[in-house]
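Novice: If you scroll down you'll find the structure; I have some questions about it.
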Amino acid sequence: MGKTILNQIERLRVLLEEHNRAYYLHDDPQVPDAEYDLLFRQLQKLEEGHPEYADDNSPTQRVGGAALDAFEKVRHAVPMLSLGNAFEDVEVAEFDSRVRLGLELGEQPIPYVAEPKLDGLAISLRYKQGKLVTAATRGDGTTGEDVTANIRTLRALPLRLKGSGWPALLEVRGEVFITRAGFEALNARQVADGEKTFANPRNAAAGSLRQLDSRITARRPLTLFCYGWGEHSGELPASHYEVLMQLTEWGLPVSPLVRRVNGLAECLEYYEQMALDRPELPYEIDGVVFKVDRRDWQRELGQVARAPRWAIARKFPAEEAVTELLAIDVQVGRTGAITPVARL
């Protein structure tokens, strides 16, 4: 009997995690919300009736827990560096020249990895034996804050890595953000509750991740993409792109817009395409990032001050638009608070 119950619990856990990945990573829900909720309640009921099978990595544990008094400090084993910025194409060309000069490659085109620069909050995720054990903000690059309880509420993130072959210790770097649709829904809920709205998705993401009460974070539409790594045991693939593809096989979310590009010309083409696509993306980006693909070349180039020599962010110009104020509506929240809302 006990084994049968455990099998049911494990089957539901796997099924719910698969549905979470389909919904939150691929925007491709496999079942209606009502059916998902039914499966979730079935698992909750089984776990409540059989506490001997409790597991911190169960999908039911993503709802948050008791509030903290303060965040603990976490020192990064490998510093979380910032990126140098380029605001003109000529600055990207100068970066490319420095890379080729540093590697003594003459005019040989450099293979790069290109990816969107998300406008969110950098995060460090540590997995031991395939299980998430610690999550920390970037902070000053050397020391961040422990936000493990909050990160565990993100349904896009695996609490246990998929497959096999992952290092015994793996620290993954990523960006936590809120989609445009999630931001609009969050602000609508804030208005309905008589609470202050957020100025932009980045502020909403940062404020949501740094809640001392993880139950609040669990109600916020946070998601993330992984873009790199820090401390790890064992060996990882030889190229940056291959490492990212390996992360996806382990169930970690990576931007589907990551591309391999060859040389300066393809870097600039990628930038122009992302600038065109930017308004239609489901999330906000403020530029693109170019990274030398070969990891041995990354090590050879090293870093200067607090930024790597092998990567650069090409920033977009500030978006400009003319907004017409159509009207101002007055909404009353459930607490009786009156909030003016502009119709634009």
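All of the numbers you see were taken from the coordinates with simple rules; none came from a lab. Not measured: the values here are computed from a predicted model. Neighbour counts are summed over all protein chains in view; Cβ atoms, including those assigned to glycine, are modelled from backbone coordinates with ideal geometry.
Novice: Can you give the extra length, in nm with one decimal, that the chain gains between Glu107 and Arg210 once fully stretched, where that is 0.36 nm per residue apart less the Cα-Cα distance?
Specialist: Values: separation 103, 0.36 × 103 = 37.08 nm, distance 4.64 nm.
Gain on stretching Glu107 to Arg210: 32.4 nm.
Novice: Helix-only mean residue ellipticity at 222 nm, the chain, DSSP H runs n ≥ 4 weighted -39,500 (n - 2.57), per residue, nearest 500. What is it?
Specialist: Mean residue ellipticity at 222 nm (helix-derived): -10500 deg cm²/dmol.
Novice: Further question: How high is the FRET efficiency between Asp55 and Arg75 when r is their beta carbon distance and R₀ equals 25 Å, given to the nearest 0.05?
Specialist: Taking R0 as 25 Å, the efficiency between Asp55 and Arg75 is 0.30.
Novice: Another question about this same structure. Excluding same-chain pairs closer than 8 in sequence, count the lysine pairs in the chain whose Cα atoms lie under 17 Å apart. Could the numbers behind the result be given before it?
Specialist: On the way: Lys3/Lys45; Lys117/Lys291; Lys117/Lys315; Lys128/Lys162; Lys131/Lys162; Lys291/Lys315.
Total qualifying Lys-Lys pairs in the chain comes to 6.
Novice: Report the calculated FRET efficiency for Ala192 and Arg299 (r = Cβ-Cβ distance, R0 = 56 Å), to the nearest 0.05.
Specialist: 0.60
Novice: Using the C-alpha atoms of the chain, what convex hull volume per residue, in cubic angstrom, is computed?
Specialist: So the per-residue hull volume is 160 Å³.
Novice: Over the chain, what is the relative contact order in whole percent, taking alpha-carbon pairs under 8 Å and six or more residues apart? Mind showing how you got there, number by number?
Specialist: On the way: 603 pairs, mean separation 78.9, N = 344.
Contact order relative to length: 23 percent.
Novice: Counting only residues 5 or more places away or on other chains, whose amide H sits under 5 Å from the amide H of Glu231 once H atoms are built in the peptide plane?
Specialist: Val78, Glu171
Novice: Let me ask something else. Evaluate E = 1/(1 + (r/R0)^6) for Val133 and Glu91, where r is the Cβ-Cβ distance and R0 equals 41 Å; express this FRET efficiency to the nearest 0.05. Don't skip to the answer; put the middle values down first.
Specialist: Numbers: r = 39 Å, r/R0 = 0.96.
After rounding to 0.05, the efficiency reads 0.55.
Novice: Okay, moving on. Name the residues of segment 242-269 whose amide N is less than 14 Å from a point 7 angstrom out from the Cα of Leu276 along the C-beta direction?
Specialist: So the set is 268-269.
Novice: To continue, here is another question. Assign unit charges at the C-beta atoms only (+1 for Lys and Arg, -1 for Asp and Glu), then state the dipole size of segment 84-315 relative to its Cα centre in Debye, rounded to the nearest 20.
Specialist: The calculated dipole for segment 84-315 is roughly 1080 debye.
Novice: By how many nm would the segment from Val31 to Gln8 grow when fully extended, if each residue of separation counts as 0.36 nm and the alpha-carbon distance is taken off?
Specialist: Difference between extended and current length: 6.4 nm.
Novice: May I ask for the longest run of the chain untouched by trypsin sites (Lys or Arg not before Pro) that are loop-located per DSSP and have at most 12 neighbouring C-beta atoms (other than their own) within 10 Å?
Specialist: Of all site-free stretches, the longest is 1-195.
Novice: Counting only complete DSSP H runs, which helices of the chain cover 20 Å or more along their long axis at the Cα atoms and score a mean Kyte-Doolittle of -1.0 or above?
Specialist: Helix filter hits for the chain: 2-24, 33-49, 89-103, 263-277.
Novice: Positive end of the charge dipole of the chain (Lys, Arg +1 and Asp, Glu -1 on Cβ, about the Cα centre): tell me which of Leu236, Gln211, Leu224 has its Cα farthest that way.
Specialist: Of the options given, the answer is Gln211.
Novice: In whole Å, how far is the Cα centre of segment 101-148 from that of segment 209-240?
Specialist: Result: 10 Å between the Cα centres.
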